Each structure stands twice: as C-alpha cells, then as structure tokens.
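Student: Sharing a structure below in structure tokens format, with a few things to ask.
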Amino acid sequence: MDEPDRITADLRLPERLIAAPVWQEEFIEFYRKSVPRLVGFLILQGARRADAAEIVQETMTKAWNSWSTINLPMAWARKTASRVWLRRIASLEEDLIGEFPENSALCSRTSDIDEWIARDHYYRVVSGLPPRQRQVMVWAMEGCAAAEIAELLQISQATVRSHLRKARRTIAIKLEEGGRL
C-alpha cells in the first residue's frame, strides 16, 4: 500500500506572536504616558476636551493595530491625532450642540488635564490666537520644523513662517499690554 505523501509543516510560532507580551507591554507603557500629553496637544490646537479624548482613543486604537510598524510612536501619534482633528474641523458645517459634556471615559472629572490647562503657559499663550496660527504655533512649540509643519498641514513653508511670525507678534503685544497672557 502506498504511503501518503508527507507534508512537513513549520510549526514554529510567528515571531510576532512569540514577542507579543513584549510589544504589548511596550504599547501599554506608551499608552499610559502618552494619552494625557496627546489630549493636551489637541486641546492646544483648539479641540474641546471630550473631542480630544475621543480622537486620542481613536489614535491609540490605530496605534495598537499598527504597533509593529511604528518607529517613533509619539511623533506618529501626534501626526495621526492632528490629522483626525483637521478632518473633523474641515467636515464641520456648524456646531449644533450648545453645550457638550466635557467628561469622557478617557478623561474623567478627576483628570490631570484640567490642572495642566490651568497652570501650563502653553495653553494661555495659544488660546487667543486665530485657529491656523494656533495650530502652527502648537506644532512649533512641540519642536517641529517649518518643513514638517508645512507637510502636515499641507501648506507652504512660507505660510508656516508667516503664521509663526504673526502669532509671535500677537503674543508679544499681549505681553507688553498686560504683562500677562
């Protein structure tokens, strides 16, 4: 009787599955450290707290699904969250909600975000700027170069520099007038 053909199978687990606990721990650590910073980053750009929390959660879900391909997690998360925020702004025709609850599962009432907003000079500096100047200034305060900001916002470097110049002038005038922001 003929013996059936033997098929040799590779029974080793894929490397991704073997290393799963390590990358999961890395992601968990990144998540814990990054969520408050990302929420604050979006608030600086003009997002309401609840919107920022929702966008950050969406960003973290994308990060979880793509974790093995992300080299610079915080840069990737900022860029992804900002793009989601920009798409939301662009798609809004009008805000039909008079008041929106500022609490969410991600940012409860006892969150450090409120304390950060109250004490952080960044928020006071940028809160009075026009939206585009505010965006550009927040990215610059995060250490991004004009070329990076231009690419992210899909505007020219000259426009980025112009917004930065106007924002800085506005801040300087506010400081001269009242001594405080």
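The values are calculated or read from the model by the stated rules, or taken from the named source; none is laboratory data. All of these numbers come straight from a predicted model, not from anything done at the bench. Virtual Cβ from ideal backbone geometry, glycine too; neighbours counted across all protein chains shown.
Student: Could we say that R119 is in contact with a helix residue (DSSP H, G or I) (Cβ under 8 Å, 6 or more places away or on another chain), farther than 17 Å from M60 by Cβ and either loosely packed, with under 13 Cβ neighbours inside 10 Å or modelled with pLDDT of 85 or more (or both) here?
Tutor: The answer is no for R119.
Student: Another one. Using the structure shown, decide if V125 is surrounded by 11 or more Cβ atoms within 10 Å (Cβ to Cβ), more than 25 Å from T61 (Cβ to Cβ) and at pLDDT below 90.
Tutor: For V125, the condition - surrounded by 11 or more Cβ atoms within 10 Å (Cβ to Cβ), more than 25 Å from T61 (Cβ to Cβ) and at pLDDT below 90 - is met.
Student: If we keep just the residues of the range 39-71 that are in contact (Cβ under 8 Å) with a residue 40 or more places away in the chain and over 18 Å from S127 (Cβ atoms), which is surrounded by the most Cβ atoms within 10 Å (Cβ to Cβ)?
Tutor: Among them, the one singled out is V56.
Student: Taking the range 144-160 as the region of interest, how many residues are without any contact (Cβ under 8 Å) to a residue 40 or more places away in the chain, surrounded by 15 or more Cβ atoms within 10 Å (Cβ to Cβ) and not in a loop (DSSP other than H, G, I, E, B)?
Tutor: The total comes to 6.
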